[in-house]
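Comments concern the structure below.
The values are calculated or read from the model by the stated rules, or taken from the named source; none is laboratory data. Everything numeric here is computed off the predicted structure, so don't read it as measured data. Cβ placement follows ideal geometry from the backbone for every residue including glycine, while neighbour counts extend to all protein chains displayed. Calculation scope for accessible area: heavy atoms of the full protein, side chains included, ligands and nucleic acids excluded. Shrake-Rupley method; radii C 1.70, N 1.55, O 1.52, S 1.80 Å.
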Amino acid sequence: MHFMTRIIGVDPFSIAEAAAVLRRGGLVAFPTETVYGLGANALDPAAVERIFAAKGRPRTNPVIVHVAGVDQVPLVADLRALTQPGSPEFVARLAERFWPGPLTLVLPKTAVVPDIVTAGGPTVAVRVPAHPIALALLRAVGVPLAAPSANRSSELSPTTAEHVLHGLEGRIDLILDGGPTSGGIESTVLDLTTHPPRLLRPGLVTPQQIEAVIGPITRRSEPEASATVWKTVANASGSVLRSPGMTAKHYAPRAPLELVDDDGRSRVEALAGDRRPIGWLTWPGMSDVAGSIRVEMPADPPGYAARLYAALHDLDAAGVERIVVAQPPDDEEWLAIRDRLRRAAWG
Ligand code: TXA
Ligand code: MG
């Protein structure tokens, strides 16, 4: 497969052109408020196949379906099949509070959703993105868009059009360049087909924010570095489950990444030599260490999330030998960031 990948700025003409590419089964990368997505017509299995081919994504990993508004959810999700106590209500309340926005809901799928989208499973993951370009594109194309992050499988998610081009040049038709994304890490994925609802992937919407709207949810126990073990906290039943696609090695930079419990200085000093530089993600107010590239990360979770992938992309581009990261606090506000860092450090 080889394409001329074009990168275009955003105006009404480019939105119309992107919609036309999507309608004929092509692939278009576009900005969302989290990361860039790689979109295809979610109702066209051949188009969605192309996403998997372009990313080198295993077919066992289902993709998120994006719709323009909550009114389009019934097209892809069968809300009547949601029989768990409270669940249909939960959809309405969560949509009201968080959509458009970085929350993805796992719901029973309708018959129009092709198997390739859901990895053959009975559920579909849906969200309404908050980015004006994503919404304009969804409205222009008039069909739901399957869109995983626009990166090669197991590499870093893209937060700029340049990141997308770097990873997928020649493999996709078009990139809509809307500048850097503001959120920086992927949406929160919440499964509403279980009782209580279960957090499958921590993200920009925190568990506390969700619980304030629908009451207790089940969350993954954080220390599981294997990332395949999920524990029921809310009802203490101890059930152990697997989430499709949540493989441990994911979101990884090319350079090996290690997490340290302090600010990282002593580890960076020990590693820095006169060969390639050591990348160092740390907090504001540190001084440089010779032989390292120091990146001051914001001390608040939203600021950190917005910068994280771009910082790792930059360090890879600078050819660092290793990346040392000062681990953020073990605190629920940092859950999603700690999750992504742990995956980046895997292996
Ligand atoms: O922020 C985001 O969610 C970005 C932007 C582009 O919207 N998209 C994204 O998609 O991160 P992706 O494909 O990289 O992540 C999809 C994740 C999978 O890892 C999987 O765990 C979960 O969503 N997922 C998708 N469909 C699912 C399903 N039917 N059941 C359970 N989990 C599902
Ligand atoms: Mg991804």
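Run the accessible area of the range 6-233 with a 1.4 Å probe and give the carbon-and-sulfur part as a rounded percent.
Numbers: 4580 of 8090 Å².
Here it works out to 57 percent.
For every helix of n ≥ 4 consecutive DSSP H residues, a contribution of -39,500 (n - 2.57) applies; sum these over the chain, divide by its total residues, and give [θ] at 222 nm rounded to the nearest 500 deg cm²/dmol.
Numbers: 11 runs with 104 residues, N = 347.
About -8500 deg cm²/dmol.
Multiplying the sequence separation of Phe13 and Thr110 by 0.36 nm and subtracting their Cα-Cα distance, what value in nm do you get? Provide the component values of the computation, followed by the final result.
Numbers: separation 97, 0.36 × 97 = 34.92 nm, distance 3.29 nm.
Fully extending the segment from Phe13 to Thr110 adds 31.6 nm.
Taking a 1.4 Å probe, which of Trp283, Trp99 shows the most accessible area, and what order do the others take after it?
Working: Trp283 55, Trp99 30 Å².
Ranked list, largest accessible area first: Trp283, Trp99.
Where only protein heavy atoms count, and the probe is 1.4 Å, what is the accessible area per residue for the chain in Å²?
40 Å²
So in the chain, what percent of DSSP beta bridges are antiparallel if you round to the nearest 5? List each step's numbers first, then the result.
Details: 19 of 47 bridges.
Percent antiparallel among DSSP bridges in the chain is about 40.
Quick one: what Rg and Dmax do you get for the range 257-345 from the alpha carbons, in Å?
12.2, 39
Once the whole set of protein chains is in place, how much accessible area is left on Val268, using a 1.4 Å probe, in Å² to the nearest 10?
0 Å²
What Kirkwood radius, in Å to one decimal, follows from the Cα pairs of the chain?
Over the chain, the inverse of the mean reciprocal pair distance is 20.6 Å.
In square angstrom, rounded to the nearest 10, how much accessible surface does Leu135 have for a 1.4 Å probe?
Its heavy atoms expose roughly 20 Å² to the probe.
Where in the range 203-218 is the amide nitrogen less than 20 Å from a point lying 7 Å along the Cα-to-Cβ axis of Asp330?
203, 207-208
Take His163, His66 and sort them by solvent-accessible surface of the protein heavy atoms, 1.4 Å probe, largest at the top. Don't skip to the end; give the middle numbers.
On the way: His163 30, His66 5 Å².
Accessible-area ranking of His163, His66, largest first: His163, His66.
Give, as a single signed number, the net charge of other residues whose beta carbon lies under 15 Å from the beta carbon of Ile116, with Lys and Arg counted +1 and Asp and Glu -1. Kindly include the intermediate steps, with their values, before the conclusion.
Values: positive: Arg50, Lys55, Arg57, Arg59, Lys109; negative: Asp44, Glu49, Asp115.
Counting the neighbours of Ile116, the net charge comes to +2.
For Ala29, what residues show an amide H to amide H distance below 5 Å, using hydrogens built from the backbone and excluding near sequence neighbours?
Residues meeting the amide H criterion: Gly39, Leu174, Ile175, Leu176.
Along the positive direction of the dipole of the chain (beta-carbon charges: Lys, Arg +1; Asp, Glu -1; about the Cα centre), which of Ile210, Pro100, Asn41 reaches farthest?
Going by the charge dipole, the pick is Asn41.
Is the C-alpha gyration tensor of the range 1-42 telling us rounded, prolate or oblate? Criteria: a/c under 1.5 is rounded; beyond that, a/b larger than b/c is prolate, otherwise oblate. Don't skip to the end; give the middle numbers.
Numbers: a/c = 1.32, a/b = 1.13, b/c = 1.17.
Rounded, since a/c falls under 1.5.
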